[in-house]
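The values are calculated or read from the model by the stated rules, or taken from the named source; none is laboratory data. Being a predicted model, the structure only gives us computed values, none of them experimental. Here Cβ is always computed from backbone atoms with ideal geometry, including for glycine, and neighbour counts include all displayed protein chains. Side chains included, ligands, DNA and RNA excluded: accessible areas come from the protein's heavy atoms. Shrake-Rupley method; radii C 1.70, N 1.55, O 1.52, S 1.80 Å.
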Amino acid sequence: MSLFSAIDNPQAIYTLDLICNSGSITWFGADGAIRLELKPLFQGPSRACFLVSSDNSQVKVSQEIALSRNYKLHQIETKVLTKNASNEEFCISSPTPESLHLFIESFVQHYLHSVPKIEIFYDIEKLDSSMSTVYDECKPCTKEEVLDAYCSMDYVIIASLNDVKQKSDSSMSTLTMSVKQIIHQREPEMFHRERRSDQYLTGHITVPTQCGIHSSPGDFLITGRKRLQSLTLKCAMTLREWRQVQQFTECSHDVRPR
């Protein structure tokens with residue numbers, strides 16, 4: 001979604017209602033504020049995460065919490081999430097599928113002559129009620145979970161793990177994968193060839209550092225989602241283990257052993 005600030009009313013407050021579970025907003029000429037409402041499309045607990053980047057503007061993001069059932073009366077409490085968002089991810093968890101309201105303010109650096117621009121990436125994920133800590137998210141997937149991920153995730157690949165690096169000033173690490181086969185990818189060019197001479201494509205996958213993933217030999221079936229401009233991991237198992245359960249798959253991009 002693209003948004004352009006009106007030249008004749010640069011300090012306007014724009015209201016946006018989003019009904020997708022993931023997406024992005026590009027705000028050109030960012031000046032004024034956006035009142036943003038996100039509506040989860042599923043029942044149960046959820047987690048909404050955001051990544052905000054800005055050019056020639058400072059950004060303040062607040063959560064507006066309704067103090068009464070009638071949100072339009074603006075009886076709200078404001079909770080500041082970040083005062084100067086810049087490529088900073090932040091998340092809000094909710095035990096119920098209620099709408100989330102954010103107030104995003106842009107403060108233009110008037111001494112700069114370039115056009116201000118703000119990009120907002122968002123992702124709402126349904127949480128398993130049994131997951132209470134990051135270690136629960138690091139649990140190995142069951143056979144049933146792997147089969148579900150194989151048919152539903154944004155990408156499915158056969159790959160080997162080349163390197164694990166922790167991101168600076170972050171609780172996340174990046175896995176560098178050599179991709180030997182792309183079984184499915186929802187978007188083109190999720191994986192790329194870094195050098196023309198490389199035998200395999202390369203992929204970079206983000207995982208929580210606390211999961212303790214380290215370099216391991218062999219090939220793996222890897223599944224995951226694209227989330228906030230990064231590839232994330234859902235389920236993985238060795239290729240040998242996958243061949244033993246592959247007979248149970250029934251989905252459009254199923255590939256049998258050669």
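A compact table of results
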quantity: Filter result for C20 (open to solvent by 50 Å² or more (accessible area, probe 1.4 Å), at pLDDT below 85 and under 23 Å from K226 (Cα atoms)); calculated: yes
quantity: Sole exception among (1) assigned to a loop (DSSP other than H, G, I, E, B); (2) farther than 24 Å from S152 by Cα; (3) of a type outside the set (S, T, Y); (4) modelled with pLDDT under 65 for H110, by number; calculated: (4)
quantity: Residues of the range 228-250 classified as surrounded by 18 or more Cβ atoms within 10 Å (Cβ to Cβ) and of a type in the set (K, R), total; calculated: 1
quantity: Exclusive hit being in a loop (DSSP other than H, G, I, E, B), of a type outside the set (A, V, I, L, M, F, W, C) and in contact (Cβ under 8 Å) with a residue 24 or more places away in the chain, set E194, E189, E250; calculated: E250
quantity: Number of the exception - Q244 against (1) free of Cβ contacts under 8 Å to residues at least 40 places away in the same chain; (2) touching a strand residue (DSSP E or B) at 6+ places or on another chain (Cβ under 8 Å); calculated: (2)
quantity: The range 24-44, subset at pLDDT 85 or above and open to solvent by 30 Å² or more (accessible area, probe 1.4 Å), residue nearest to Q229 (Cα to Cα); calculated: S24
quantity: Per-region count, the range 126-159, residues open to solvent by less than 80 Å² (accessible area, probe 1.4 Å), assigned to a helix (DSSP H, G or I), modelled with pLDDT under 80 and in contact with a strand residue (DSSP E or B) (Cβ under 7 Å, 6 or more places away or on another chain); calculated: 1
quantity: Hits in the range 201-223 - residues which are assigned to a loop (DSSP other than H, G, I, E, B) and open to solvent by less than 80 Å² (accessible area, probe 1.4 Å); calculated: G212, I213, S215, S216, G218
